[in-house]
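Asker: First the structure, which I've put down as structure tokens, then a few questions once you've had a look.
The values are calculated or read from the model by the stated rules, or taken from the named source; none is laboratory data. Being a predicted model, the structure only gives us computed values, none of them experimental. We place every Cβ from the backbone using ideal geometry, glycine too, and count neighbours over all the protein chains shown. For accessibility, only protein heavy atoms count, side chains too; no ligands or nucleic acids. Shrake-Rupley method; radii C 1.70, N 1.55, O 1.52, S 1.80 Å.
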Protein chains: 2
Amino acid sequence: MSDHRFLRALRRQPVDRTPVWIMRQAGRYLPEYRATRARAGSFVALCKTPELACEVTLQPLARFPLDAAILFSDILTIPDAMGLGLSVEEKVGPRFARTVRTRAEIAKLGVPDPEADLRYVMDAVRLIRRELHDKVPLIGFAGSPWTLACYMIEGEGSSSFAKAKALALDDAATMHRLLGVVARSVAAYLAAQAAAGAQALMVFDTWGGLLAPDMFRDFSLRYLAQIAQSLQGDKAAKNIPLILFSKGANAHLEALADTGCAALGLDWTISLGAARTRVGDRVALQGNLDPAVLHASSDAIRSEAKRVLADFGPHPGHVFNLGHGITPDVDPERLGLLVDAVHALSARSI
Amino acid sequence: MSDHRFLRALRRQPVDRTPVWIMRQAGRYLPEYRATRARAGSFVALCKTPELACEVTLQPLARFPLDAAILFSDILTIPDAMGLGLSVEEKVGPRFARTVRTRAEIAKLGVPDPEADLRYVMDAVRLIRRELHDKVPLIGFAGSPWTLACYMIEGEGSSSFAKAKALALDDAATMHRLLGVVARSVAAYLAAQAAAGAQALMVFDTWGGLLAPDMFRDFSLRYLAQIAQSLQGDKAAKNIPLILFSKGANAHLEALADTGCAALGLDWTISLGAARTRVGDRVALQGNLDPAVLHASSDAIRSEAKRVLADFGPHPGHVFNLGHGITPDVDPERLGLLVDAVHALSARSI
């Protein structure tokens with residue numbers, strides 16, 4: 001299994017075809033997902049029921065020859081396990097019943113025990129691995145400390161996360177205390193996913209790109225590096241490749257590559273060739289087709305897939321993906337066409 | 001008047017203090033704006049009534065020692081003048097009654113005559129200039145062709161503008177036809193604003209940053225350059241500094257600086273020092289404090305203003321601004337504090 005093209009590409013080894021998976025591949029664009037989601041009653045119930053999480057994780061693999069499965073879950077499971085009370089309403093987004101803003105509130109937060117407080121996630125990982133029968137590797141994931149802290153402080157989504165930024169500016173020590181406990185929680189959570197069977201790990205730093213450069217280094221990057229270091233010292237996780245995706249933070253690729261991760265996720269606003277030149281052979285790169293391309297014609301999808309492959313060039317170390325999650329309004333057939341195009345256009349002898 | 005510190009900074013000449021103005025300085029964070037807006041009945045009526053547009057343009061100048069006024073208007077006046085029927089609802093955003101998607105629909109579009117079809121804007125410019133009594137320069141503005149085309153195709157805001165991108169990918173010739181007529185309209189509109197009295201011009205490429213690099217060059221940058229060239233050949237506009245703000249397009253600063261514009265607007269995800277190193281002395285830079293800083297304490301606002309000034313360094317050619325518009329939830333006193341801090345911290349002898 002360690003010879004699967006997805007894991008080989010993450011190790012920058014030659015592959016027969018460029019591996020491809022798609023962020024949010026188990027999601028609302030699939031009618032079978034919407035059916036399971038309706039049966040679950042709520043998005044959070046879907047995440048918390050291992051059998052249903054397993055079912056939706058496997059759905060896209062039954063349709064398309066994808067090269068990896070990704071655990072169906074949410075980045076906000078950790079704050080939920082810390083007692084914040086997560087709910088997710090369609091078209092509104094995630095919301096916490098309680099926020100965390102003061103030094104006293106932060107002092108009360110503990111690191112959740114993954115096998116106790118987040119057992120449903122670990123059970124889902126084990127079940128999915130069993131059901132996958134080693135067909136493709138399974139990716140586990142978590143949100144970044146900065147991204148989780150944003151939601152914990154605001155209590156919901158925001159276009160600016162001004163409250164989180166204001167706390168960082170006004171009381172950096174308190175912010176670092178929060179980020180510290182969240183980073184330890186993320187590291188423990190990812191290590192437990194590795195122990196439960198995840199064969200690659202990914203951290204989504206969804207809101208890192210909202211930070212000015214100095215703040216990105218202090219409040220996001222530093223904790224991504226701590227997690228990478230922590231996982232390298234963990235028995236189960238040390239040989240599991242870690243992918244960091246700091247959306248909109250293309251100014252910081254070199255620093256992200258220096259964290260010790262195996263690969264960087266990239267959005268579509270940078271060419272893979274330019275990114276590769278900057279990070280050299282330190283990391284593999286994952287990405288970076290604009291998800292909007294899936295609204296264009298078959299010809300455009302093929303030619304854009306070809307362009308992304310050509311941008312990266314004939315080097316080892318590319319995992320094809322979108323630059324952001326697939327959107328609910330995409331026709332699933334378009335995704336099938338993309339996956340086939342990537343495999344066909346990248347076929348080579350090794 | 002050409003010796004005002006704002007215009008001197010745009011020409012990269014030494015100034016006694018770093019000039020400062022704020023994107024959306026005439027806006028919802030001001031109670032007096034909300035009162036005038038209520039009197040107007042609608043946002044569009046406010047834009048279309050020169051006396052009221054003048055009134056709100058001047059409101060922030062009565063409160064704060066800002067170094068420039070910016071015409072109160074909307075980037076979507078041009079498509080509205082083309083017959084698309086603009087309405088703007090609070091919390092929903094702009095919407096057109098008609099969209100433009102096909103070759104036939106695009107062929108019907110003409111370049112609006114600014115003094116006829118957009119007379120209310122030209123009248124507002126003339127009235128504001130009269131009422132300003134040369135206290136500070138007046139900035140005129142327009143949306144970029146790509147940004148206007150996004151709204152014209154979608155008919156409203158979007159997180160991805162997938163329809164616009166799909167048209168660009170599937171039928172580039174038709175997209176270029178649309179962008180061509182819009183670019184000619186923007187150039188004529190800005191030239192007319194200059195003739196009516198605008199002393200600086202700004203183009204907001206709000207959605208350029210959503211494009212992959214090749215598409216940015218083909219569908220946004222090319223038309224920004226056309227506008228800059230066109231204005232350089234216009235009698236009224238040729239000596240009027242042009243500021244380009246391509247939000248989220250920091251990968252393209254060198255190319256933007258090569259368009260022939262006088263200055264680049266910058267969001268806060270890049271340090272002004274790094275940007276200055278990349279563009280050299282070709283252009284002035286405008287920006288780039290994170291608007292979220294206005295939610296932090298007075299001390300943090302002052303120290304962040306100091307950091308932005310230090311990032312740029314002791315060179316000529318900096319106009320202080322936020323990296324994006326001021327948000328409606330900001331306490332106006334915080335903005336006063338920022339403006340005073342910028343002036344105090346940047347005072348020098350020339």
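Asker: How many residues are touching a strand residue (DSSP E or B) at 6+ places or on another chain (Cβ under 8 Å) and either more than 14 Å from every other protein chain (Cβ to nearest Cβ) or small (Gly, Ala, Ser) (or both) if we restrict to region B:322-334?
Answerer: Of the residues in region B:322-334, the ones touching a strand residue (DSSP E or B) at 6+ places or on another chain (Cβ under 8 Å) are B:322-323.
Adding the requirement that they be either more than 14 Å from every other protein chain (Cβ to nearest Cβ) or small (Gly, Ala, Ser) (or both) leaves B:323.
Of the residues in that region, 1 qualify.
Asker: Determine whether region A:244-254 contains at least one residue that is more than 23 Å from A:ARG276 (Cβ to Cβ) and not hydrophobic (A, V, I, L, M, F, W, C).
Answerer: Just the residues of region A:244-254 that are more than 23 Å from A:ARG276 (Cβ to Cβ), to begin with: none.
Within region A:244-254 (the criterion being more than 23 Å from A:ARG276 (Cβ to Cβ) and not hydrophobic (A, V, I, L, M, F, W, C)), the answer is no, since none of the residues qualifies.
Asker: Another question about this same structure. Tell me, please, whether a residue that is of a type outside the set (A, V, I, L, M, F, W, C), open to solvent by 40 Å² or more (accessible area, probe 1.4 Å) and touching a His at 6+ places or on another chain (Cβ under 9 Å) can be found in region B:332-346.
Answerer: Keep residues of region B:332-346 that are of a type outside the set (A, V, I, L, M, F, W, C), which gives B:332-334, B:336, B:340, B:343, B:346.
Retained after the next criterion (residues that are open to solvent by 40 Å² or more (accessible area, probe 1.4 Å)): B:333-334, B:340.
From the residues that got through so far, the ones that are touching a His at 6+ places or on another chain (Cβ under 9 Å) too are B:334.
Yes, region B:332-346 contains at least one residue that is of a type outside the set (A, V, I, L, M, F, W, C), open to solvent by 40 Å² or more (accessible area, probe 1.4 Å) and touching a His at 6+ places or on another chain (Cβ under 9 Å).
Asker: Turning to a different aspect of this structure: When B:VAL308 is evaluated against the numbered criteria (1) at the interface with chain A (Cβ under 10 Å from one of its Cβ atoms); (2) within 14 Å of B:VAL20 (Cα to Cα); (3) in contact (Cβ under 8 Å) with a residue 60 or more places away in the chain, which criterion, by number, is the only one it fails?
Answerer: (3)
Asker: In addition: Of (1) surrounded by fewer than 20 Cβ atoms within 10 Å (Cβ to Cβ); (2) of a type outside the set (Ser, Thr, Tyr); (3) in contact (Cβ under 8 Å) with a residue 60 or more places away in the chain; (4) in contact with a Leu (Cβ under 9 Å, 6 or more places away or on another chain), A:ALA300 satisfies all except one. Which?
Answerer: The number of the failed condition is (3).
Asker: Shifting gears a bit: Is it the case that A:GLY317 is surrounded by 23 or more Cβ atoms within 10 Å (Cβ to Cβ), more than 14 Å from chain B (Cβ to nearest Cβ) and in contact with a helix residue (DSSP H, G or I) (Cβ under 7 Å, 6 or more places away or on another chain)? Let's see the steps before the verdict.
Answerer: Numbers: surrounded by 23 or more Cβ atoms within 10 Å (Cβ to Cβ): yes; more than 14 Å from chain B (Cβ to nearest Cβ): yes; in contact with a helix residue (DSSP H, G or I) (Cβ under 7 Å, 6 or more places away or on another chain): yes.
Yes, satisfied.
Asker: With respect to A:GLN199, determine if the residue is modelled with pLDDT of 95 or more, in contact with a Pro (Cβ under 6 Å, 6 or more places away or on another chain) and not β-branched (Val, Ile, Thr). First the steps, then the outcome.
Answerer: Working: modelled with pLDDT of 95 or more: yes; in contact with a Pro (Cβ under 6 Å, 6 or more places away or on another chain): yes; not β-branched (Val, Ile, Thr): yes.
Yes; evaluated as a whole, the condition is true for this residue.
Asker: So is B:ILE301 more than 19 Å from the chain's Cα centre (by Cα) and part of a helix (DSSP H, G or I) or not? Give the steps one after another, and end with the answer.
Answerer: Working: more than 19 Å from the chain's Cα centre (by Cα): yes; part of a helix (DSSP H, G or I): yes.
It is true that B:ILE301 is more than 19 Å from the chain's Cα centre (by Cα) and part of a helix (DSSP H, G or I).
Asker: Quick check on this structure: which one of A:ARG348, A:ARG307 is assigned to a loop (DSSP other than H, G, I, E, B) and of a type in the set (Lys, Arg)?
Answerer: Working: A:ARG307 fails: assigned to a loop (DSSP other than H, G, I, E, B).
Going through A:ARG348, A:ARG307 in turn, the sole match is A:ARG348.
Asker: Any residue at all in region B:185-199 that's more than 19 Å from the chain's Cα centre (by Cα) and either more than 21 Å from B:LEU138 (Cα to Cα) or among the small types (Gly, Ala, Ser) (or both)? Walk me through how you get there before you give the answer.
Answerer: Step one: list which residues in region B:185-199 are more than 19 Å from the chain's Cα centre (by Cα), which gives none.
No, the conditions are met nowhere in region B:185-199.
This table checks each residue for (1) surrounded by fewer than 17 Cβ atoms within 10 Å (Cβ to Cβ); (2) over 19 Å from B:LEU210 (Cβ atoms); (3) within 14 Å of another protein chain (Cβ to nearest Cβ).
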{"site": "B:GLU131", "(1), (2), (3)": "yes, yes, no"}
{"site": "B:ASP134", "(1), (2), (3)": "yes, yes, no"}
{"site": "B:PHE141", "(1), (2), (3)": "no, yes, no"}
{"site": "B:SER144", "(1), (2), (3)": "no, no, no"}
{"site": "B:LEU148", "(1), (2), (3)": "no, no, no"}
{"site": "B:GLY157", "(1), (2), (3)": "yes, no, yes"}
{"site": "B:LEU178", "(1), (2), (3)": "no, no, no"}
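Asker: Need the failing condition index for B:GLY287 against (1) of a type in the set (Gly, Ala, Ser); (2) within 14 Å of chain A (Cβ to nearest Cβ); (3) over 23 Å from B:VAL342 (Cα atoms); (4) touching a residue at least 24 places away in the same chain (Cβ under 8 Å), just the number.
Answerer: Exception for B:GLY287: condition (3).
Asker: Hey, can you tell me all the residues within region A:243-279 that are more than 14 Å from chain B (Cβ to nearest Cβ) and in a loop (DSSP other than H, G, I, E, B)?
Answerer: A:ASP258, A:THR259, A:GLY260, A:CYS261, A:ALA262
Asker: Does A:LEU337 satisfy the criteria of being assigned to a helix (DSSP H, G or I), within 12 Å of chain B (Cβ to nearest Cβ) and within 30 Å of A:LYS91 (Cα to Cα)? Talk me through it step by step, then tell me what you get.
Answerer: Numbers: assigned to a helix (DSSP H, G or I): yes; within 12 Å of chain B (Cβ to nearest Cβ): no; within 30 Å of A:LYS91 (Cα to Cα): yes.
No; evaluated as a whole, the condition is false for this residue.
Asker: From the set of residues in region B:201-230 that are closer than 16 Å to B:VAL121 by Cβ and among the aliphatic types (A, V, I, L, M), which is farthest from the other protein chains (Cβ to nearest Cβ)?
Answerer: Filtering region B:201-230 down to residues closer than 16 Å to B:VAL121 by Cβ leaves B:201-204.
Filter again for among the aliphatic types (A, V, I, L, M), leaving B:201-203.
Values: B:LEU201: 26, B:MET202: 22, B:VAL203: 20 Å.
Among residues in region B:201-230 that are closer than 16 Å to B:VAL121 by Cβ and among the aliphatic types (A, V, I, L, M), the one farthest from the other protein chains (Cβ to nearest Cβ) is B:LEU201.
Asker: A:GLU131 - would you say it is in a helix (DSSP H, G or I), over 27 Å from B:THR269 (Cα atoms) and touching a residue at least 60 places away in the same chain (Cβ under 8 Å)?
Answerer: Working: in a helix (DSSP H, G or I): yes; over 27 Å from B:THR269 (Cα atoms): yes; touching a residue at least 60 places away in the same chain (Cβ under 8 Å): yes.
Spelling it out, A:GLU131 is indeed in a helix (DSSP H, G or I), over 27 Å from B:THR269 (Cα atoms) and touching a residue at least 60 places away in the same chain (Cβ under 8 Å).
Asker: Quick one: how many residues across region A:1-25 are closer than 19 Å to A:ARG129 by Cα and of a type in the set (Asp, Glu)?
Answerer: Count: 1.
Asker: Looking at A:ARG276 and the list (1) surrounded by 19 or more Cβ atoms within 10 Å (Cβ to Cβ); (2) of a type in the set (D, E, K, R); (3) touching a residue at least 60 places away in the same chain (Cβ under 8 Å), which single condition is not satisfied?
Answerer: (3)
Asker: Give me the residue from region B:252-273 that is under 19 Å from B:PHE320 (Cβ atoms) and β-branched (Val, Ile, Thr) and, out of that set, surrounded by the most Cβ atoms within 10 Å (Cβ to Cβ).
Answerer: Residue satisfying both the conditions and the ranking: B:THR269.
Asker: List the number of the failed condition for B:PHE204; all other conditions in (1) open to solvent by less than 10 Å² (accessible area, probe 1.4 Å); (2) over 22 Å from A:ALA300 (Cβ atoms) hold.
Answerer: (1)
Asker: So, in region B:47-89, exactly how many residues are among the aliphatic types (A, V, I, L, M), outside any helix (DSSP H, G or I) and either within 18 Å of B:VAL203 (Cα to Cα) or open to solvent by 30 Å² or more (accessible area, probe 1.4 Å) (or both)?
Answerer: The total comes to 7.
Asker: If A:ALA198 satisfies all but one of (1) open to solvent by less than 40 Å² (accessible area, probe 1.4 Å); (2) in a helix (DSSP H, G or I), what's the number of the condition it fails?
Answerer: Tallying (1) open to solvent by less than 40 Å² (accessible area, probe 1.4 Å); (2) in a helix (DSSP H, G or I), A:ALA198 fails exactly one: (2).
Asker: Which is in contact with a helix residue (DSSP H, G or I) (Cβ under 7 Å, 6 or more places away or on another chain) and either surrounded by 20 or more Cβ atoms within 10 Å (Cβ to Cβ) or not basic (Lys, Arg) (or both), of A:PHE219, A:PHE245? Please lay out each step first, then the result.
Answerer: Details: A:PHE245 fails: in contact with a helix residue (DSSP H, G or I) (Cβ under 7 Å, 6 or more places away or on another chain).
Testing whether each residue is in contact with a helix residue (DSSP H, G or I) (Cβ under 7 Å, 6 or more places away or on another chain) and either surrounded by 20 or more Cβ atoms within 10 Å (Cβ to Cβ) or not basic (Lys, Arg) (or both) leaves just A:PHE219.
Asker: Looking at (1) open to solvent by 20 Å² or more (accessible area, probe 1.4 Å); (2) within 11 Å of chain A (Cβ to nearest Cβ), which one does B:ASP234 not meet, given that it meets all the others?
Answerer: (2)
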